[in-house]
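Heads up, the thing below is written out as structure tokens.
The values are calculated or read from the model by the stated rules, or taken from the named source; none is laboratory data. Everything numeric here is computed off the predicted structure, so don't read it as measured data. Using ideal geometry, Cβ is built from the backbone for each residue, glycine included, and neighbour counts are taken over all protein chains shown. These accessible areas exclude ligands, DNA and RNA; they are computed on the full protein's heavy atoms, side chains included. Shrake-Rupley method; radii C 1.70, N 1.55, O 1.52, S 1.80 Å.
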Amino acid sequence: METLEKYYKVTAQQEYEKNPQLSATDVEELLKWSDENINLYGKLIDIQIIMFLHACNYDKEYAKKVISQCYNLRAKKCTPFFSARDPAHPFNQKQLDVVNINIIPDEENGYSYIWSQLKIVDASQYYPTVASKLTFMAIELDQVEYGTKSGYRMVLDSNNFSLSHALRYSLSNARHLMLYVQEGTPFVIDKIYILNVTSGTERLFSMMKPFMSTSLINKVIIKSVPKTNEFIKTLPQTIVPKDYGGLAPIMSETNEILKQKLLDNRDYFLDEEKLRNGNVKDEVDTTVGENDKDNINSFKNLSID
């Protein structure tokens, strides 16, 4: 297995037509550069390079930094989020029964909305590292199927997200997650909407905030329970699930569709992990945090509407 080319449903030519700012010369140069500088068990292909260039606003030198960080972080600090990615692994399957994760495209504006909410309220069944891993897998599969997007907009419904849930976040994993999100993603995070904010949400955001750049913080929009319904009405109703009064399918339906799509693309995730690591790890990281007050900052700078 030299490359992942056989899995991509979009071609470089389609991306050149969609994004006139793309330079074939830059893509070729970055392919050559990646062969010489990125330590993999195979090779990157043009469509993967295009994802990075698009995410970096077509800045070739910036793309080099992001590509390096992406694969360095996946191999080291962010390994829990990018190993044991077999969609058929029982633990990964179980977490999709605990958390609803859905991708709904906004075809008119070129965004994809990632909706997430708890299905099972029992905090002992919630593993945030695994839930984050599955979210990255969903975004990655979206890129494999549809190519570049204007950006991804995260919609996190924190209803029933308690202090017990927040305390299951490992501080070190949270710090590394924020590092990857800001320095290593081959996609654009355009907005993060946090709805129905709870005390658990407040605590989690307070933990994450010291590791977030001003740019990322400015993308976060937090809505209290009384303001959530009013805010949802301002979104394109085609991307709002029927659970919230919109026109998109109910979340349980789209979550089942995602579960099946991940399984249908199991070979891609196994081969992608082999491309990076040379093998597929079987043990899922289930690290959870502890109630360490010294590691949690105060809520005084949390801005909730």
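From the list Asp157, Asp122, Asp106, the one residue that fits, being within 18 Å of the chain's Cα centre (by Cα) and either open to solvent by 10 Å² or more (accessible area, probe 1.4 Å) or farther than 25 Å from Asn229 by Cα (or both), is Asp157.
Would you check if there is a residue in the stretch 44-62 being among the hydroxyl-bearing types (Ser, Thr, Tyr), more than 21 Å from Tyr8 (Cα to Cα) and part of a helix (DSSP H, G or I)? Yes: the stretch 44-62 contains one or more residues that are among the hydroxyl-bearing types (Ser, Thr, Tyr), more than 21 Å from Tyr8 (Cα to Cα) and part of a helix (DSSP H, G or I). Phe211: modelled with pLDDT of 95 or more, out of contact with any Ser or Thr (no Cβ under 9 Å at 6 or more places or on another chain), crowded, with 19+ Cβ neighbours inside 10 Å and aromatic (Phe, Trp, Tyr), yes or no? It is false that Phe211 is modelled with pLDDT of 95 or more, out of contact with any Ser or Thr (no Cβ under 9 Å at 6 or more places or on another chain), crowded, with 19+ Cβ neighbours inside 10 Å and aromatic (Phe, Trp, Tyr). Among the residues of the stretch 230-249, is there at least one that is exposed (fewer than 15 other Cβ atoms within 10 Å of the Cβ) and at pLDDT below 95? No; the residues of the stretch 230-249 include none that is exposed (fewer than 15 other Cβ atoms within 10 Å of the Cβ) and at pLDDT below 95.
The criterion of at least 2 residues that are within 27 Å of Lys76 (Cα to Cα) and touching a residue at least 60 places away in the same chain (Cβ under 8 Å) is met by the following helices (runs of 4 or more DSSP H) wholly inside the stretch 207-294: 251-264, 266-277.
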